[in-house]
Amino acid sequence: MKVAVPVLAPVFRSEVQGKLLAEVFANPDAEHSVTSLAARAATSLPTALREVDRAEAARIVTTRRVGNTRLVRADSTNPLYRPYSEIVLATYGPPAVLSRELGGIPGIERLFIFGSWAARYTGEPGRAPNDIDLLVVGSPDREALYEAAERAEQRIGLPVQVTVRSALAWEPPGDAFVAEIRSRPLVSLFADR
């Protein structure tokens, strides 16, 4: 079966490859099980295993076994580690990086990427995004929120534009801005909230 070229970053073989590598490079010092990577990339275990095998053969990742579990981490010894990381984080990295940076902030009830980045991520063709539009639903501490967004911006390499709306404003009918956002592609970062 021929896999479509990813709209967000045609340099990757597939969307799955980009999503798996984003999880690894968002937290490069951690080891990730292939099973957890498959779940986060919403793909099958055999597909995740094939992508990990390819990435390991290219020295993008390293793996080791602990019992029956295969653990994956970024190969920071590869001379191309930094450029790989920059490409991966700027294209498929925003969900993983933003979830990691903003995940511990109290008061965030929902978190979404919207705008051109979300459109490319969901497969809509168009120009490469120049920034990441982030909608925060809830009542977080603004200082902590903007500091976390700044950290994410530094890692992703694209500006992160933060918009905050209350939980009440998010519920339909909401305001005109929320209605517009709901009518376009959204990438939910906190699916369990």
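Structural remarks
- Qualifying positions in the stretch 159-176 - on the phi < 0 side of the Ramachandran plot and touching a Leu at 6+ places or on another chain (Cβ under 9 Å): 160, 161, 162, 163, 164, 165, 170
- Leading residue by the ranking (surrounded by the most Cβ atoms within 10 Å (Cβ to Cβ)) among those in the stretch 57-95 that are over 21 Å from the mean Cα position of the chain (by Cα) and of a type in the set (D, E, K, R): 70
- In the set (1) touching a residue at least 40 places away in the same chain (Cβ under 8 Å); (2) of a type outside the set (A, V, I, L, M, F, W, C); (3) not in a loop (DSSP other than H, G, I, E, B), the condition left unmet by residue 124 is number (3).
- If only residues of the stretch 154-186 that are surrounded by 16 or more Cβ atoms within 10 Å (Cβ to Cβ) and of a type in the set (A, V, I, L, M) are counted, the one that is farthest from residue 121 (Cα to Cα) is 164.
- Subset of the stretch 95-115 (residues that are in contact with a Pro (Cβ under 9 Å, 6 or more places away or on another chain), not in a strand (DSSP E or B) and not aliphatic (A, V, I, L, M)): 106, 107, 115
- Tally, over the stretch 17-36, of residues that are over 12 Å from the mean Cα position of the chain (by Cα), assigned to a helix (DSSP H, G or I) and surrounded by 16 or more Cβ atoms within 10 Å (Cβ to Cβ): 2
- For the criterion of being outside any helix (DSSP H, G or I), out of contact with any Cys (no Cβ under 7 Å at 6 or more places or on another chain), under 25 Å from residue 177 (Cβ atoms) and not small (Gly, Ala, Ser), residue 135 passes.
- Search result, residues across the stretch 129-153 that are over 14 Å from the mean Cα position of the chain (by Cα), touching a residue at least 12 places away in the same chain (Cβ under 8 Å) and surrounded by fewer than 17 Cβ atoms within 10 Å (Cβ to Cβ): 130, 139, 141, 142, 144, 146, 151
- Residues of the stretch 59-76 that are under 13 Å from residue 24 (Cβ atoms) and hydrophobic (A, V, I, L, M, F, W, C): 60, 61, 71, 72, 74.
- Within the stretch 37-56, considering residues that are outside any helix (DSSP H, G or I) and more than 18 Å from residue 120 (Cβ to Cβ), the one farthest from the chain's Cα centre (by Cα): 44
- Check on residue 10, at pLDDT below 95, under 27 Å from residue 127 (Cβ atoms) and not in a helix (DSSP H, G or I): yes
Table: residues versus (1) at pLDDT 95 or above; (2) under 18 Å from residue 78 (Cα atoms); (3) not small (Gly, Ala, Ser).
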| position | (1), (2), (3) |
| --- | --- |
| 16 | no, no, yes |
| 32 | yes, no, yes |
| 37 | yes, no, yes |
| 40 | no, no, yes |
| 57 | no, yes, no |
| 62 | yes, yes, yes |
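- Enumeration of residues in the stretch 98-116 that are of a type in the set (Asp, Glu) and over 13 Å from residue 164 (Cβ atoms): 101
- Complete set of residues in the stretch 98-135 that are β-branched (Val, Ile, Thr) and either modelled with pLDDT under 95 or on the phi > 0 side of the Ramachandran plot (or both): 122
The values are calculated or read from the model by the stated rules, or taken from the named source; none is laboratory data. What you see is a predicted model; the values in this text were computed from it and never measured. Counting neighbours? That spans all protein chains shown, and the Cβs are built from the backbone with ideal geometry, glycine included.
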